[in-house]
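The values are calculated or read from the model by the stated rules, or taken from the named source; none is laboratory data. Owing to the predicted nature of the structure, the values given are computational and were not obtained by experimental measurement. A quick note on method: Cβ atoms are made from the backbone with ideal geometry, for glycine too, and the neighbour counts reach across all protein chains shown.
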Amino acid sequence: MKNLVRKKLVVKIWMRLMRVKDVDVANDEFREEHNEDNLRDGGVNEEASVSMLDLEKDVDVNYDPGLWGIINDTKRVMLVKKGPIKILKENDEFPKEPNRGRHFSSKLYTSNRPNGEKQERKWLVYSNELDKVFCFCCKLFKHNPMTTGLAEDGINDWHNLPTKLRDHEKNPEHNLNVVKWVDLQMRLKQEATIDKQVEALINKERIRWKLILARIIGVVKTLSRNSLPFRGSNEKIYEKNNGLFCQLIEFLAEFDPVMKDHLRRVVDKEVQNHYLSHKIQNELISLLANEIKEEIRKKILKAKYFSIILDCTPDLSHEEQMSIVIRCVDVEDASEVKVEEFFLGFIKVDDTSGLGLFKRLEDTLVDLKLNIDDIRGQSYDNGANMKGKHQGVQRRLLDVNPRAFYVPCGCHTLNLALCDMAKSCVKARNFFGYVQKIYTLFSGSTHRWDVLKTYVKGLSPKALSVTRWESHIESVRAIRSQPEELRDALIEISNTSKDDVVMAEAKGLCFNALEDFEFLISLCIWYKILDKVNWVSQVLQKEEIDLENAIIKIKELILFFEELREDGFLDLIEEGKELAKKVGIEPAFTVKRVVRRKKQFDEDVGEDA
């Protein structure tokens, strides 16, 4: 099935690029029917191939001579192959003249010689459409105007027709046309016509270009599938920095005779259009993307109902891009019905308000020829422009389609809950501030990073993620698993650094963080919390997750927090004490003096500052 789709895709793109209809498919079939090594003998360039392919287009030929119209080479060959068609009717019931009752007689297909011999007039043809007779060979091969009329508009003067036929047979121009007709007929039977030779050459070139195009499409698909860049600083074959596309083409040419021959022609300038430029690359990418979108659209239409998932983010050029994902039930395989998510691309948006995003969504659905009334679900992040109950995208879609049930993104909601939870506690904010400072100190200099690698053999410190709070687990894990080694690295930097600021920061982190029992307790608490939250977040992001299991995992997380709050703190204290022993500090909280405001003489003695 995949090979069939691939073959159809190659043909569609070939038709688009070459602007030629009715092209046969299949790279594999070409290999079987034609020896690719023989393709090197061809010498027709791409543009010549395209122009000559016009000779192959099917011509709708009416074999009635009165309807031949303008006769080109292709039509002439087809008519000669078919030959003159003799119209015979029972009892010679041809149309009669209104007044005299005369009509054409099939006896005129034969001429009577003076010696009594009868000879067939093979060249004489009758037109049912015009009720006239024509000379087959003169109408096809006439070079100069003829006076008899049999080569032009035909004759229906039935009374004088026998005489005119005898005169026409004696005409030298007619005899010359008969010779041309017989000569072409013989050459066609021997398949030795110039057109036949051209046709064979065209077929050879067409096969070669299809094979080349199939390989170019394969390179485009490979680079696109792996999100790799195509171009370099130039686009010339066998030059440095010409990009991955050209380099893969060169790599193929080392083992593939078709591509090797093509690059030889390009280098020797035998062909002008080589299909390796950036314009062709972009066009192929666009054509492939359109074909993929069309296949996705067919699956969505077959499923009938679908859900949409939208998200917005600015790109590197600071333009807002909205991604659109459609979720539906794939029913193509009746034995295995499954839920699929299809990414349809990024859409540039200028208006990020609820109305602007909704209008952009509507336009996209119209372009995809999808009915907005078939939406049964919508899911976005928790931004006011997306989930707003009055002006958000979800509200505007519900106004149009009340059955488009809204479900907020579970992972984003969980992330926001964790973020708000941490920001509500000053100690938590201080803790993560120290975690980020530890990474910043070591990563700010290659020398300091070398000192870190000398002492720390395991995980390296990680920077805190700004958007994904549950991923803070990676930063906390690196410190939680090796606090003693990190402390020693900080001491080394504080003792050897020539930068007073760096020395002070290293001492401060060592004293206020890694040698502080409260920080070690926070390390244990947050490691346990983030480890559980991150696991649930990863489960919620799996493709096979369903609503029932998602609810179960969320309830398990809530239960975990409740149990941790009730009786988990004592266990965390014990873990903190173990870390304190490794670091070599007293496992006790530092007693901080409460700062009180000095009382004035007129204040109540019992009031606290």
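For the reader, a short list of remarks on this structure follows.
- Some residue of the stretch 143-150 being surrounded by 15 or more Cβ atoms within 10 Å (Cβ to Cβ) and out of contact with any helix residue (DSSP H, G or I) (no Cβ under 7 Å at 6 or more places or on another chain): yes
- Selected residue (only one of Asp374, Asp363, Asp399 is at pLDDT 90 or above, among the acidic types (Asp, Glu) and surrounded by 16 or more Cβ atoms within 10 Å (Cβ to Cβ)): Asp374
- Looking across Leu464, Leu523, Leu530, one residue alone is part of a loop (DSSP other than H, G, I, E, B) and surrounded by 15 or more Cβ atoms within 10 Å (Cβ to Cβ). It is Leu464.
- Qualifying residue in the stretch 96-114 (condition: loosely packed, with under 10 Cβ neighbours inside 10 Å, assigned to a loop (DSSP other than H, G, I, E, B) and touching a residue at least 12 places away in the same chain (Cβ under 8 Å)): yes
- All positions within the stretch 377-394 that are crowded, with 16+ Cβ neighbours inside 10 Å and part of a helix (DSSP H, G or I): Asn385, Met386, Lys387, Val393, Gln394
- Here Val426 meets each of (1) assigned by TED's automatic domain parsing to the domain that holds Leu557; (2) touching a residue at least 24 places away in the same chain (Cβ under 8 Å); (3) surrounded by fewer than 15 Cβ atoms within 10 Å (Cβ to Cβ) with one exception, condition (2).
- Of all residue pairs spaced 6 or more apart or on separate chains, those with beta-carbon atoms under 7 Å, a first member in the stretch 376-399 that is under 15 Å from Lys359 (Cβ atoms) and assigned by TED's automatic domain parsing to the domain that holds Leu361 and a second member that is charged (D, E, K, R) and crowded, with 18+ Cβ neighbours inside 10 Å are Gln394/Lys387.
- Taking the conditions (1) among the polar types (S, T, N, Q); (2) surrounded by 14 or more Cβ atoms within 10 Å (Cβ to Cβ); (3) free of Cβ contacts under 8 Å to residues at least 24 places away in the same chain in turn, Ser317 satisfies each one other than (2).
- The residues in the stretch 119-131 that are over 59 Å from the mean Cα position of the chain (by Cα), surrounded by 15 or more Cβ atoms within 10 Å (Cβ to Cβ) and in a strand (DSSP E or B) can be counted, and the count is 1.
- Tally, over the stretch 209-237, of residues that are at pLDDT 90 or above and more than 22 Å from the chain's Cα centre (by Cα): 1
- Scanning the stretch 505-514 for residues that are buried (at least 20 other Cβ atoms within 10 Å of the Cβ) and in contact (Cβ under 8 Å) with a residue 40 or more places away in the chain returns Glu505, Ala506, Leu509, Ala513, Leu514.
- For Ala289: the one exception among (1) farther than 25 Å from Leu223 by Cβ; (2) out of contact with any Phe, Trp or Tyr (no Cβ under 9 Å at 6 or more places or on another chain); (3) surrounded by 12 or more Cβ atoms within 10 Å (Cβ to Cβ): (1)
- Residues located in the stretch 38-76, provided they are loosely packed, with under 14 Cβ neighbours inside 10 Å, modelled with pLDDT of 50 or more and charged (D, E, K, R): Asp60, Asp73
- Scanning the stretch 436-448 for residues that are touching a residue at least 60 places away in the same chain (Cβ under 8 Å) and surrounded by 18 or more Cβ atoms within 10 Å (Cβ to Cβ) returns Ile438, Leu441.
- The set of residues from the stretch 246-291 being under 30 Å from Ile375 (Cα atoms) and touching a helix residue (DSSP H, G or I) at 6+ places or on another chain (Cβ under 9 Å) comprises Ile285, Leu287, Leu288, Ala289, Glu291.
- Some residue of the stretch 333-344 being of a type in the set (Ser, Thr, Tyr) and loosely packed, with under 14 Cβ neighbours inside 10 Å: yes
- Some residue of the stretch 550-557 being surrounded by 11 or more Cβ atoms within 10 Å (Cβ to Cβ), part of a helix (DSSP H, G or I), in the same structural domain as Phe517 (by TED's automatic domain parsing) and in contact with a Gly (Cβ under 8 Å, 6 or more places away or on another chain): yes
- Within the stretch 65-85, residues that are on the phi > 0 side of the Ramachandran plot sit with their Cβ atoms under 8 Å from residues that are at pLDDT 85 or above, at 6+ positions apart or across chains, in these pairs: Gly83/Gln185.
- Residue that is touching a Leu at 6+ places or on another chain (Cβ under 8 Å), over 30 Å from Leu188 (Cα atoms), aliphatic (A, V, I, L, M) and surrounded by 11 or more Cβ atoms within 10 Å (Cβ to Cβ), where the choices are Leu79, Leu161: Leu161
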